Amino acid sequence: MKKKISIIVPVYNEEKTIEEIIKKVNQVQLPLEKEIIIVNDASEDNTQEKIKNLKKIYPNIKYFVHRKNFGKGAAIRTGLKHSSGDVIVIQDADLEYNPEEFKKLLKPILENKTEVVFGSRLLGKLTGFNIPLHYYGNKLLTFLTSILYHKKITDMETCYKMMTKKVVESLNLKSYRFDIEPEITAKLLKNKIKIVEIPISYDCRSFKEGKKITWKDGIVAIYTLLKYRLFN
């Protein structure tokens, strides 16, 4: 039986990009069957209609809707509940990350070298960070992660976290918002699960274009890293 990859797409007000990113996800050629799980976190624009049209085009889409906006973490957790893939990866609904990178991320997992791969925006050629606060904030959070968990890592906040289903189910995720990223990383490192980092491309959008994460989320990320370091 052919193995499957579940691609979880949390969505909030992404009417301008959702069609393009789903097209890109479906176009990438992978050795695994693709299952796309879109979770609409109570979008207030025309995202709902766009996704309904996408479902008519692509039969591999599973679609779920939150009646209230809970946050990216909650949307990811909803997606995980309905995932049936052997491998799971998160794909933001904008165009900052290129799904063609899945090929590189999958390779170490399919070769049984690891069960977890992070796509690092800070390895190799640095591209796409056009908001200085996000770049330096990410560097600070990643440095703090390395100090707290005694493991060098270059990009804790990356969206591209690819894992086997077995590993994902062991994490028992609790976060509702952007704190899902430090929670995943903290629990992997605390449980001494090997993380392989692969360089990826990145094209950061501006706040005007729909960027949602702010400095306040950085403060929450620091709290989250400390919480999971000190407590179970």
Here are some residues: Glu197, Glu209. Which one is modelled with pLDDT under 85, of a type outside the set (Phe, Trp, Tyr) and outside any helix (DSSP H, G or I)? Glu209
Name the single residue that is farthest from the chain's Cα centre (by Cα) among those in the range 155-169 being crowded, with 19+ Cβ neighbours inside 10 Å and of a type in the set (Ser, Thr, Tyr). Thr158
Between Gly79, Gly73, which is in contact (Cβ under 8 Å) with a residue 60 or more places away in the chain and out of contact with any strand residue (DSSP E or B) (no Cβ under 8 Å at 6 or more places or on another chain)? Gly73
Give me the residue from the range 65-88 that is small (Gly, Ala, Ser) and closer than 19 Å to Ile51 by Cβ and, out of that set, modelled with the lowest pLDDT. Gly71
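Regarding Phe118, is this residue crowded, with 18+ Cβ neighbours inside 10 Å and assigned to a strand (DSSP E or B)?
Details: crowded, with 18+ Cβ neighbours inside 10 Å: yes; assigned to a strand (DSSP E or B): yes.
For Phe118, the condition - crowded, with 18+ Cβ neighbours inside 10 Å and assigned to a strand (DSSP E or B) - is met.
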Kindly indicate the residue of the range 14-26 that is in a loop (DSSP other than H, G, I, E, B) and touching a Ser or Thr at 6+ places or on another chain (Cβ under 7 Å) and also nearest to Gly85 (Cα to Cα) among those meeting that condition. Glu14
Among the numbered criteria (1) modelled with pLDDT under 95; (2) over 25 Å from Asp179 (Cβ atoms), which one does Leu30 miss? (1)
Starting from the range 89-114, take each residue that is aliphatic (A, V, I, L, M) and list its partners that are assigned to a loop (DSSP other than H, G, I, E, B), counting only C-beta distances under 6 angstrom and pairs at least six apart or across chains. Ile90/Cys159; Ala93/Glu14; Leu95/Thr17
Can you tell me which residues in the range 136-160 are among the charged types (D, E, K, R) and either in a loop (DSSP other than H, G, I, E, B) or within 22 Å of Phe231 (Cβ to Cβ) (or both)? Lys151, Lys152, Asp155, Glu157
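Could we say that Ile21 is modelled with pLDDT of 95 or more and in contact with a strand residue (DSSP E or B) (Cβ under 7 Å, 6 or more places away or on another chain) here? Steps first, please.
Numbers: modelled with pLDDT of 95 or more: yes; in contact with a strand residue (DSSP E or B) (Cβ under 7 Å, 6 or more places away or on another chain): no.
Spelling it out, it is not the case that Ile21 is modelled with pLDDT of 95 or more and in contact with a strand residue (DSSP E or B) (Cβ under 7 Å, 6 or more places away or on another chain).
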Hey, could you check the range 27-61 for residues that are assigned to a helix (DSSP H, G or I), closer than 23 Å to Arg77 by Cα and polar (S, T, N, Q) and say which is farthest from the chain's Cα centre (by Cα)? Gln48
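The values are calculated or read from the model by the stated rules, or taken from the named source; none is laboratory data. Quick caveat: nothing in here was measured; it's all calculated off a predicted structure. So basically every Cβ, Gly included, is an ideal-geometry build from the backbone, and we count neighbours across all protein chains shown.
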